[in-house]
Amino acid sequence: MINKYRNTIVLTCILGLFACNNNSTKVAEPIPVELANIHQHIKTLASDSYEGRGPLTLGEDLTIKYIAKEYQKLGLKGGYKGEFFEPVPLAKITPDNAMKLNIDGLELIVAEDFTARTEHLSEKIQLNNSDVVFVGYGINAPEYNWNDYAGIDVKDKTVIMLVNDPGFATQNDDLFTGNAMTYYGRWTYKWEEAARQGAKAAFIIHETAPAAYPWSVVLAGNTGSMYALVDNEKNKSRLPILGWLQTSAANKIFSKIGSSYLKEKELALSQSFKSRSLNLKANLNLSNKLEQAESNNVVALLEGSMYPDEYIVISAHWDHFGKQITDNGVKILNGAIDNASGVAGTIELARMLVAQHAIKPFERSIVFANFTAEETGLLGSAMFAQGGSVPMSQVVSVLNIDGMNTLDGVGYILQYGQNMSEMEDYLAKFSAKQNRRVKLDPRPQNGLFFRSDHFSFAKQGVPGLLFMSLGDTDPDYIPFKYHKEADDYSPAWSLGGVKQDLELIQSIAIELANNRDWPKWTSESDFKKRRAEDGK
């Protein structure tokens, strides 16, 4: 592989010099995608020997070394203080699932009625006669003139809230964004806002349609071991108890005050709704097993010639779910599509852009970043977004890949989010040059814009694009392969869709790396406010 890379780069350099001698202003032709490289990268990263690429495992060690070695072959520099590995301190927190939640004598059973976990580095967290407050959707959104916390003090209390946002519940396009989920509908936001309000615990009432997944997915993500980033205060600023409630359990709680889940949900949609105490007390003993270790992002740098301190980031998460011990033996979840394909894409784009840079150097720098622990809460990208490798105020945009179309090419490109930022203009411009139309996310209610690593950048004010094709071209993928053992590499893949998208990403990256544009957010949001704070 190394000779092939070197030959490509040398050849393109020679051709580039010849072109420059004849016309110094000529822009080099895009470098073609080598599909054999993509096949090899996915085959390797999704092989059983990599054990499903679980963080803090042998699979991580093999994965990050493989990625770094590929970047080194291309002559790239380490992007984290000159090194390829950015440390990501993680806590592995495993709750004792023997706990019970008691609300005024109503005893709720873990997994059956509720889940509860924490990100605090604490072996025991207790709710002792904690006041229970219903806060509607748990949203404080000034731009939508909506504040469920107005006039209520929830400090050290237990809050119960609805999932998603009022727009989805009403399907009214004039309320939030109608069917399309906003950031305020995401469970991560709801827990973060509850923490900002000083709550001790927050329980989100689960419904399959507005949550976009069944209760089984909640159980998978909240009853076993989970990872959390670790700060200097052992995460004490975060919400102490993060929980979910089954709809049936919520009904039992509301029945204690002579109401019902459906009645309370209807009230929460009224403009006159006021959050209120339910005059109930919550009790819970949450015990945890704690482990701490260090995972790693892989970061590589292609330095710009004129503005080296301005950055375009091309990213993909390297992790998947590792191995699972079942009654039928060990299962390895190799995550070939999700997201060995994305990592393969970043490595191939690095090869293409290094060759392009040798012909005509980019003015801005390009960073290639592969993140850990995306599957457990975008943790690696959240660490990167703290600015240890590059300051977020100097990141122009992020192009994030999370699951590529390994089948034949299509006549469209998926766009996640609508009227979010000027990056959508770049997507439209360069997909049109491929004779592809922009197709809006067919499932906007699922909120996929908020569920991949580019969102860690958005929270710091950096606009970007998500390139994702999970299940769009393969109807069997979501029900039978997604996050399952069947997500394996196939040598029969044509990779036509990969070729299309890598060519598209290459064009957008080259444009941004050579112009003076700082793409802006186009809709009012905390992201837009954050970018404005950086003067962009």
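The values are calculated or read from the model by the stated rules, or taken from the named source; none is laboratory data. All values reported here derive from a predicted model rather than from experimental measurement. We place every Cβ from the backbone using ideal geometry, glycine too, and count neighbours over all the protein chains shown.
Structure data summary
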{"item": "Flag if Ala194 is outside any strand (DSSP E or B), among the aliphatic types (A, V, I, L, M) and under 21 Å from Thr372 (Cα atoms)", "result": "no"}
{"item": "Residue in region 187-208 that is surrounded by fewer than 21 Cβ atoms within 10 Å (Cβ to Cβ), of a type in the set (A, V, I, L, M) and either under 29 Å from Gln324 (Cβ atoms) or assigned by TED's automatic domain parsing to the domain that holds Tyr416 (or both) present", "result": "no"}
{"item": "Qualifying residue in region 273-282 (condition: more than 24 Å from Ile64 (Cβ to Cβ) and buried (at least 24 other Cβ atoms within 10 Å of the Cβ))", "result": "yes"}
{"item": "Among (1) surrounded by fewer than 20 Cβ atoms within 10 Å (Cβ to Cβ); (2) in contact with a helix residue (DSSP H, G or I) (Cβ under 9 Å, 6 or more places away or on another chain); (3) under 25 Å from Arg443 (Cα atoms); (4) touching a residue at least 40 places away in the same chain (Cβ under 8 Å), the one test that Tyr184 misses", "result": "(1)"}
{"item": "So Thr406, is it part of a helix (DSSP H, G or I) and either crowded, with 24+ Cβ neighbours inside 10 Å or not assigned by TED's automatic domain parsing to the domain that holds Glu119 (or both)", "result": "no"}
{"item": "Residue in region 134-153 that is nearest to Ile241 (Cα to Cα), counting only those that are of a type in the set (A, V, I, L, M) and either outside the structural domain of His206 (by TED's automatic domain parsing) or surrounded by 22 or more Cβ atoms within 10 Å (Cβ to Cβ) (or both)", "result": "Val135"}
{"item": "Residue that is under 30 Å from Lys155 (Cα atoms) and either touching a residue at least 40 places away in the same chain (Cβ under 8 Å) or not in a strand (DSSP E or B) (or both), where the choices are Leu286, Leu301", "result": "Leu286"}
{"item": "Residue in region 484-507 that is modelled with the lowest pLDDT, counting only those that are assigned to a loop (DSSP other than H, G, I, E, B) and under 15 Å from Gly342 (Cβ atoms)", "result": "Asp487"}
{"item": "Scope region 126-145; condition touching a helix residue (DSSP H, G or I) at 6+ places or on another chain (Cβ under 7 Å) and outside any loop (DSSP other than H, G, I, E, B); matching residues", "result": "Phe134, Asn140, Ala141"}
{"item": "Residue check for Ser494: buried (at least 20 other Cβ atoms within 10 Å of the Cβ), more than 30 Å from Gln171 (Cβ to Cβ) and in contact with an Asp or Glu (Cβ under 6 Å, 6 or more places away or on another chain)", "result": "no"}
{"item": "Hey, Thr158 crowded, with 16+ Cβ neighbours inside 10 Å, hydroxyl-bearing (Ser, Thr, Tyr) and within 30 Å of Lys236 (Cβ to Cβ) or not", "result": "yes"}
{"item": "Of all residues in region 258-282 being in contact with an Asp or Glu (Cβ under 9 Å, 6 or more places away or on another chain) and assigned to a strand (DSSP E or B), the one that is nearest to Ala228 (Cα to Cα)", "result": "Ala282"}
{"item": "Tally of residues being within 26 Å of Glu303 (Cβ to Cβ), crowded, with 16+ Cβ neighbours inside 10 Å and touching a helix residue (DSSP H, G or I) at 6+ places or on another chain (Cβ under 8 Å) across region 31-77", "result": "14"}
{"item": "Subset tally (residues that are assigned to a loop (DSSP other than H, G, I, E, B) and touching a strand residue (DSSP E or B) at 6+ places or on another chain (Cβ under 6 Å)) for region 350-387", "result": "5"}
{"item": "Of all residues in region 298-333 being crowded, with 24+ Cβ neighbours inside 10 Å and out of contact with any Phe, Trp or Tyr (no Cβ under 8 Å at 6 or more places or on another chain), the one that is nearest to Leu90 (Cα to Cα)", "result": "His320"}
{"item": "Unmet requirement for Leu121, which otherwise passes all of (1) at pLDDT below 95; (2) part of a strand (DSSP E or B)", "result": "(2)"}
{"item": "Residue count for region 325-367, restricted to those that are out of contact with any helix residue (DSSP H, G or I) (no Cβ under 7 Å at 6 or more places or on another chain), in contact (Cβ under 8 Å) with a residue 24 or more places away in the chain and of a type outside the set (Val, Ile, Thr)", "result": "7"}
{"item": "Failed criterion for Thr223 (all others in (1) surrounded by fewer than 21 Cβ atoms within 10 Å (Cβ to Cβ); (2) under 30 Å from Leu175 (Cα atoms) hold)", "result": "(2)"}
{"item": "Filtered residue count, region 76-112, keeping only those that are more than 21 Å from Ser295 (Cα to Cα), out of contact with any Leu (no Cβ under 7 Å at 6 or more places or on another chain) and part of a loop (DSSP other than H, G, I, E, B)", "result": "5"}
